[in-house]
Amino acid sequence: MIENFQFKENYNISDLIDIVEILRSPEGCPWDMEQDHKSIRRDFLEETYEVIEAINKDDKDLLLEELGDVLLQVVFHTQIEREKGTFELSDVADGICKKMIERHPHVFGDVNAETSEQVLENWDVIKKRTKQQKSQTESMLSIPREFPALMRADKVQKKASKVGFDWDSADGAFDKVSEELLELKEAYKEGNEEHIREELGDLLFSVVNVSRFVKADSEEALTNSTDKFIDRFSKVEKMACEQGMDMKNTDLETLDKLWDLAKKG
């Protein structure tokens, strides 16, 4: 197989399929031959996050590279099934093409959808029908548990909201956060670890509810706050070092003063 491989100045998707097939062949790479869907599933996730990083940085060269890495994951997983005779990349392409045509009846059919909201409403209806989801609960259960927890909570809440199960205003969501915080404090006083985890989860779920009402993405908001913490912490660490302090042995009151200075820039 390898002897028939042609080196080129420019390659295409067919060449990528051939390369992955060679790597998985007996004359290929020992590591690639050993992999299965589960062993490389985390790689797929990491590559996807790196695409998001490239988008956030508005780095087109990085985006080109990372999209290639994601495409490799698609081809690699497909090759594993191709070896079993289950499906090929053409079947993957066929499936997504049919889905896009079916879920865009306002483009490929006679359905009217003049706004993005109407498009999304039609998409949900078609999705529930094609997946044979008869209830909103089934629709919620179709959201993978593997999603980031904040994202999954947001999606579940939005589905509940579509059938009217939601607060009338942000006030109800804010009050729920206060209620869940008190319950977490009570659980903490009890010292029951299972109850503490339960109430902490309820508090986080309530905070995601607030994020919907204030129209802020909870994942993005938490990411930005984490970045902000790192930035301020680095300033505190630098000031402590300049003053000859060992942060481990410095009292919290002193560190708080440095933190206030860092907040002021």
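Using alpha carbons only, how many degrees (0 to 90, rounded to 10) separate the axis of helix 116-130 from the longest principal axis of the chain?
So the inclination is approximately 60 degrees.
Which of rounded, prolate, oblate describes the stretch 82-200, given a ≥ b ≥ c as roots of the alpha-carbon gyration tensor eigenvalues and a/c under 1.5 marking rounded, otherwise prolate only if a/b is larger than b/c?
oblate
Once a ≥ b ≥ c are taken as the square roots of the eigenvalues of the Cα gyration tensor of the stretch 167-216, is the result rounded (a/c under 1.5), prolate (a/b larger than b/c) or oblate (a/b not larger than b/c)?
prolate
Find me the longest stretch of the chain that has none of the exposed GluC sites (Glu not before Pro), where exposed means in a DSSP loop (not H, G, I, E or B) with at most 10 other Cβ atoms within 10 Å.
For GluC sites (Glu not before Pro) (loop position, at most 10 other Cβ atoms within 10 Å), the longest site-free span of the chain is 147-265.
Which of Val119, Val208, Val163 ends up with the largest GNM mean-square fluctuation for the chain, with Cα atoms connected below 10 Å?
Highest fluctuation among the options: Val163.
Are any of the pairs Lys215/Lys257; Lys98/Lys158; Lys189/Lys264 more than 30 Å apart by Cα-Cα distance, and if so, which? Working shown, then result.
On the way: Lys215/Lys257 33 Å; Lys98/Lys158 27 Å; Lys189/Lys264 35 Å.
Distance filter (> 30 Å) returns Lys215/Lys257; Lys189/Lys264.
Could you run the Karplus curve 6.51 cos²θ - 1.76 cosθ + 1.60 with θ = phi - 60° over the stretch 196-212 and give me ³J(HN,Hα) per residue in whole Hz, x for Gly and Pro?
Going residue by residue, I get 4, 4, 4, 5, 5, x, 4, 5, 5, 4, 5, 5, 4, 4, 4, 4, 5 Hz, with x marking Gly and Pro.
In the stretch 37-115, if every C-alpha pair distance is counted and binned at 10 Å from zero, what percent goes to each bin?
Answer for the stretch 37-115: a P(r) of 17, 29, 32, 21, 2 percent.
Take the alpha carbon gyration tensor of the stretch 167-265, find the square roots of its eigenvalues, order them as a ≥ b ≥ c, and report rounded if a/c is under 1.5; if not, report prolate when a/b exceeds b/c, else oblate.
oblate
Which residues make up the longest stretch of the chain that has no trypsin sites (Lys or Arg not before Pro) in a DSSP loop with at most 15 other Cβ atoms within 10 Å?
After excluding every exposed loop site, the longest remaining stretch is 58-130.
Listing Tyr188, Tyr49 from the residue with the fewest other Cβ atoms within 10 Å to the one with the most, what is the order?
Listed from fewest to most nearby Cβ atoms, that is Tyr49, Tyr188.
Pop out the ³J(HN,Hα) list for the stretch 172-187 in order, Karplus 6.51 cos²θ - 1.76 cosθ + 1.60 with θ = phi - 60°, rounded to Hz; leave Gly and Pro as x.
Going residue by residue, I get x, 5, 5, 4, 5, 4, 4, 4, 5, 5, 4, 5, 5, 4, 5, 5 Hz, with x marking Gly and Pro.
What lysines could a cross-link reach from Lys84, if we take a straight Cα to Cα line under 20 Å and drop same-chain neighbours fewer than 8 places away?
Here the lysines satisfying the reach criterion relative to Lys84 are Lys38.
Only one of the listed values, (1) -0.94, -1.09, -1.17; (2) -1.19, -1.31, -1.36; (3) -0.91, -1.18, -1.31, was derived from the coordinates as log10 I(q)/I(0) by the Debye sum over Cα atoms at q = 0.13, 0.15, 0.16 Å⁻¹; which label is it?
(2)
For a quick check, take a GNM of the chain with Cα springs below 10 Å and name the residue from Thr78, Thr254, Thr130 with the largest mean-square fluctuation.
Thr254
Between Gln157, Gln243, Gln132, where does the largest GNM mean-square fluctuation fall for the chain, given springs only between Cα atoms within less than 10 Å?
Between Gln157, Gln243, Gln132, it is Gln243 that shows the largest mean-square fluctuation.
Could you give me the ³J(HN,Hα) list for the stretch 236-249, computed from phi with Karplus coefficients 6.51, -1.76, 1.60 and θ = phi - 60°, whole Hz, x at Gly and Pro?
Values, residue by residue: 4, 4, 5, 5, 4, 5, 5, 9, x, 8, 9, 4, 4, 10 Hz.
Any read-out appearing in this document is the output of simple, stated calculations on the displayed coordinates, not a laboratory observation. Predicted model, so just to flag it, every value in this text is computed and none were measured. Here the Cβ is made from the backbone with ideal geometry for all residues, glycine too, and neighbour counts use every protein chain on show.
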